[in-house]
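The values are calculated or read from the model by the stated rules, or taken from the named source; none is laboratory data. Bear in mind the structure is a predicted one, so any value in this text is a computation, not a measurement. As a convention, Cβ positions derive from the backbone with ideal geometry for all residues, glycine included, and neighbour counts pool all protein chains shown. Quick note on the areas: whole protein, heavy atoms, side chains included, nothing else; ligands and nucleic acids left out. Shrake-Rupley method; radii C 1.70, N 1.55, O 1.52, S 1.80 Å.
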Amino acid sequence: MRATCRLLQACRITLFTRENCGLCTEARSVLSNVWDTRPFQFKEIDIIKSDAKPRWRDLYEFDVPVIHISKSTAPEEHPQSASKAVKLMHRFTPDQVNAKMDLVEKA
């Protein structure tokens, strides 16, 4: 039996969030539902506490939650490459997340 790409967690999802963010709580719930049927690597970045230069806060201060979806083998997220990221912002559904994961896996 061969392992499929999905079993190998072909995607990485990075959630950009901040404290006391109700939409971020909803985003975590959506991602949890997706993960139940389609596991992925996960990283969460608090944009206020991040030490990245330039800062994630400068990019997403008024836009959280934001998710970046990339191949699990892609380099770590960096603010300078954010414009090229496959992303969803604010409110999104499991179907939208799955569609973006399909796009990334096929690329």
Discussion item. Looking for something open to solvent by less than 60 Å² (accessible area, probe 1.4 Å) and among the acidic types (D, E) - is there at least one such residue anywhere in the range 50-58?
Written reply: no
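Tell me, which strands (runs of 3 or more DSSP E) wholly within the range 10-103 include 2 or more residues that are among the β-branched types (V, I, T), under 12 Å from the mean Cα position of the chain (by Cα) and modelled with pLDDT of 95 or more?
Values: elements: 11-17, 41-46, 66-71, 86-89.
Of the strands (runs of 3 or more DSSP E) lying wholly inside the range 10-103, those with at least 2 residues that are among the β-branched types (V, I, T), under 12 Å from the mean Cα position of the chain (by Cα) and modelled with pLDDT of 95 or more span 11-17, 66-71.
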Practice prompt. Name every residue in the range 59-75 that is under 21 Å from R38 (Cα atoms) and open to solvent by 80 Å² or more (accessible area, probe 1.4 Å), in order of residue number.
Written response: T73
Response to the item:
Residues in the range 91-107 that are in contact with a helix residue (DSSP H, G or I) (Cβ under 7 Å, 6 or more places away or on another chain) and either surrounded by 12 or more Cβ atoms within 10 Å (Cβ to Cβ) or free of Cβ contacts under 8 Å to residues at least 40 places away in the same chain (or both) total 5
Fill in: the range 30-49, subset in contact (Cβ under 8 Å) with a residue 40 or more places away in the chain and either surrounded by 15 or more Cβ atoms within 10 Å (Cβ to Cβ) or of a type in the set (G, A, S) (or both), residue nearest to R91 (Cα to Cα)
V30
